[in-house]
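**Student:** What follows is a single structure, and I will ask about it in a moment.
The values are calculated or read from the model by the stated rules, or taken from the named source; none is laboratory data. As the structure is a prediction and not an experimental result, all values here were calculated from the model. In this analysis, Cβ positions are derived from the backbone assuming ideal geometry, glycine residues included, and neighbour counts consider all displayed protein chains.
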Amino acid sequence: MADEPRVIEARLGTFDTAMVVFSLVVGIGIFRTPAIVAGAAGSTALFFAAWAVGGLVSLLGALTFAEIGSRHPRAGGYYRVVADCYHPALAFSLNWGQTLMQGAGAAGVAFIGAEYLAPLVLPAALRTPHSSLALACALMLVLLVLNYLGIRSGSRTQNLLSMLKIVMIVGLAVLALVLAPKVAAIDVVPVTPAGTRFAAALIPCFYAYGGYHMTMNLGADVKDAKRRFPLAVTGGMLCVVALYLLINVAYQRALGTTGVAESKLVAAALSRATFGASGEAVVSVAIFLSAAGFVNATILQMPRSFYAMAEDGVLPKAFLRVNPKTQVQEVGLLFFGATMLVPAFLLGSFEKLLNYVIFTDALTLVAVASTLFVLRRRGDGDGGFAMPGYPVLPALYMLVLAAVAGHVLVTETRLALAGLAILLTGWPLFRLGRRLSASKD
């Protein structure tokens, strides 16, 4: 039965689990978001405070989701735990919103890759926001076609690209701190209140720290989870925070906070200051390849999620079709392609995509995190891993994310309402899917 708890042998130790958490979070957003954070913060102190606070709040989120996964170790992630604690319609709406946001998130990463590639392949006169859009869409279309034809990169290639970004972050940061000349830090004090600037700076930080919620899938795999799990999650997230602070120290030292804010391609700017034009080109190509690897991995994964939803009767049976020659879920692949390309065309920039994604993400994470209170009250999974500081710390985590969603609603109202509309469309789709499924039984 799908709802039965997993019965598998726990095999992950503390260090193994910490490294899994680390790899789930570290992405290529750290090569793009620092410019947005610096521009929003307006001062060196707020710049680093946003990264530190964002990391600590994300740590609380990781511990919260770790306990949820430990108490509710069932396949199905968000959908199963929300359906069990609240209602399947709400579960589907959240899962539906997250599914569509995966496409927008992949489009955002494609934009990062395109922006780093553009200076290498386009003359200065052609480097415009429209050219970045064209390159990002070209990248997504090429990967969609390759996957449609059944041409897929192997797991070794994906693992190599994943390791590349970590090596690049550490190597670039350390070498820049040693080799790059230090720039005098001159902050231009903005008129905007510090609280407003800090809230705006947190949004791209949370984007960069995303992925920690996947700790809810690890609980059954960890040996002696009650003792090891909190240590592993805390250790993994603190490593991420340390890594992000390290690279941001390198950015700020070599470019200054104002320079970081003005350098959209901040890793390329740091490489140029450290190694010259050739180093800038190498790092830009590496970031593009890492972005392509992430987008390709997402394209591989998402049609399988649509397949599972179709099996549950909440998506049309067409999503169950698999091409017998290529083993490609063609309907799911084409649908996911639309969820990437449509937001990319309509929004046209990484910054817009970021706010669009983070609003829905924040609301979803708050809703799923709240299931911890239900699971504790019912006594589900008592005796296993329990996060410290309950109920204050998970409530604080939820409050911060709700505030982030509120800030996006005020500052980017249209984007927030579009995300909210997507969540609300989940309810009639759920009812329609169940009705069609019942009529065929």
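**Student:** Could you check, for the stretch 8-29, whether at least one of its residues is at pLDDT 85 or above, farther than 30 Å from PRO73 by Cα and either acidic (Asp, Glu) or surrounded by 16 or more Cβ atoms within 10 Å (Cβ to Cβ) (or both)?
**Tutor:** No, the stretch 8-29 contains no residue that is at pLDDT 85 or above, farther than 30 Å from PRO73 by Cα and either acidic (Asp, Glu) or surrounded by 16 or more Cβ atoms within 10 Å (Cβ to Cβ) (or both).
**Student:** Can you tell me which residue is surrounded by the fewest Cβ atoms within 10 Å (Cβ to Cβ) among those in the stretch 258-290 that are out of contact with any Asp or Glu (no Cβ under 8 Å at 6 or more places or on another chain) and not in a helix (DSSP H, G or I)?
**Tutor:** Per the stated criteria, the residue is GLY276.
**Student:** While we're looking at this one, here's another question. Residues that are touching a residue at least 24 places away in the same chain (Cβ under 8 Å), farther than 20 Å from ALA91 by Cα and not polar (S, T, N, Q): which helices (runs of 4 or more DSSP H) entirely in the stretch 371-441 hold 3 or more of them?
**Tutor:** Correct list: 392-411.
**Student:** If you go through the stretch 399-421, how many residues are closer than 15 Å to LEU100 by Cβ, hydrophobic (A, V, I, L, M, F, W, C) and crowded, with 20+ Cβ neighbours inside 10 Å?
**Tutor:** 2
**Student:** Can VAL109 be described as in contact with a Gly (Cβ under 8 Å, 6 or more places away or on another chain) and closer than 21 Å to VAL240 by Cβ?
**Tutor:** The answer is yes for VAL109.
**Student:** If you check GLY61, GLY108, GLY113, which single one turns out to be more than 26 Å from SER284 (Cβ to Cβ) and part of a helix (DSSP H, G or I)?
**Tutor:** GLY61
**Student:** Next question. In the set PHE359, PHE385, PHE373, PHE350, which member is touching a strand residue (DSSP E or B) at 6+ places or on another chain (Cβ under 9 Å) and surrounded by 15 or more Cβ atoms within 10 Å (Cβ to Cβ)?
**Tutor:** PHE385
**Student:** What are the residues in the stretch 293-310 that are under 10 Å from ALA106 (Cα atoms) and surrounded by fewer than 21 Cβ atoms within 10 Å (Cβ to Cβ), if any?
**Tutor:** ALA297, THR298
Residue by residue, here is whether (1) over 16 Å from GLY69 (Cβ atoms); (2) out of contact with any Phe, Trp or Tyr (no Cβ under 7 Å at 6 or more places or on another chain) holds:
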position	(1), (2)
ASP380	no, yes
TYR390	no, yes
LEU399	yes, yes
HIS407	yes, yes
GLY419	yes, no
PHE430	yes, no
GLY433	yes, yes
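**Student:** Consider VAL342 carefully, then state whether it is crowded, with 17+ Cβ neighbours inside 10 Å and part of a helix (DSSP H, G or I).
**Tutor:** Taking the combined requirement at face value, the residue does not satisfy it.
**Student:** Okay, moving on. Only one of (1) touching a Leu at 6+ places or on another chain (Cβ under 9 Å); (2) closer than 16 Å to SER370 by Cβ; (3) at pLDDT below 90; (4) not aliphatic (A, V, I, L, M) is not met by PHE92, so which one is it?
**Tutor:** The number of the failed condition is (2).
**Student:** Please work out if LEU63 is among the aliphatic types (A, V, I, L, M), buried (at least 24 other Cβ atoms within 10 Å of the Cβ) and farther than 14 Å from THR364 by Cβ.
**Tutor:** yes
**Student:** Still on this model: Of the conditions (1) modelled with pLDDT under 90; (2) surrounded by 21 or more Cβ atoms within 10 Å (Cβ to Cβ), ILE151 satisfies every one except a single condition; which number is it?
**Tutor:** (2)
**Student:** Exactly one of these conditions fails for LYS165: (1) surrounded by 15 or more Cβ atoms within 10 Å (Cβ to Cβ); (2) charged (D, E, K, R); (3) modelled with pLDDT of 80 or more. Give me its number.
**Tutor:** (3)
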